Amino acid sequence: MIGFVSAALVLGLSSGLSPGPLSTLVIAQTIKYGAKEGIKVSVAPLITDIPIICVAVFLLSSFAYVHNVLGWISIAGGSFLIYLAWETFRATPPEMNAAGRQVQSLGKGIAVNALNPHPYLFWITVGAPMIIKAYQESLMTAAAFVLCFLFSLVGTKVFITVVVDRTKRVLAGKAYRYIMRILGFLLFVFALFLIRDGLVLLKVIAKFP
């Protein structure tokens, strides 16, 4: 379980810190309307990701014991993580001068996240296969993976909200770049493990002891 929980926390943390539409909206609403509105945007993944998770797991569960399918999915997930790792490693601080005219922070957050292709790609190629693999260990392990990911993701967004509300300019410093580079490296490591697992399932390489 520890391995799945660690992976969930790293993946959630990197997703939460990565610049993107939701991060930009979190910062914009916080700057213009305060931390309360930024937090409303931050919790949007709790609403949008649950249906995506359910559908992704349902579609993939019927293939859970077909090694070739899971092998290719694992390789696709590793490839996607490499892309995210590169984006994370070279990320610059999000812009902090954009803000919408209407509040409606939760609704905006839901819309932005629901229309963002990254959650779909992540859960289909990375998240759902890991949930299925965790479930083979135990139901509690699978639940822990999902809960820890969402806790890490939303918690990071809330943390950004509080920091931006109090300091406004803290994300413009070097600390943000250092954190993103570390997370980018960790994502790359997880990608290598996923690709290795895919090659093992496809019987391209032997399973390590």
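Please indicate, with yes or no, whether at least one residue in region 139-147 is more than 14 Å from VAL5 (Cβ to Cβ) and either in contact with a helix residue (DSSP H, G or I) (Cβ under 7 Å, 6 or more places away or on another chain) or surrounded by fewer than 14 Cβ atoms within 10 Å (Cβ to Cβ) (or both). Checked region 139-147: at least one residue is more than 14 Å from VAL5 (Cβ to Cβ) and either in contact with a helix residue (DSSP H, G or I) (Cβ under 7 Å, 6 or more places away or on another chain) or surrounded by fewer than 14 Cβ atoms within 10 Å (Cβ to Cβ) (or both).
Go through region 116-137 and count every residue that is crowded, with 19+ Cβ neighbours inside 10 Å and among the hydroxyl-bearing types (Ser, Thr, Tyr).
Of the residues in that region, 1 qualify.
Taking region 118-140 as the range and being under 12 Å from the mean Cα position of the chain (by Cα) and farther than 14 Å from VAL55 by Cβ as the test, the residues that pass are HIS118, VAL126. In region 17-59, the qualifying residues are those that are under 15 Å from the mean Cα position of the chain (by Cα) and not in a helix (DSSP H, G or I), and the one that is farthest from SER74 (Cα to Cα) is VAL43.
A short reminder: the numbers here are calculations on the coordinates, not readings from a lab. Small disclaimer: the values here were computed from a predicted structure and weren't measured. Reconstructed Cβ throughout: ideal geometry from the backbone, glycine too, with neighbour counts over all protein chains shown.
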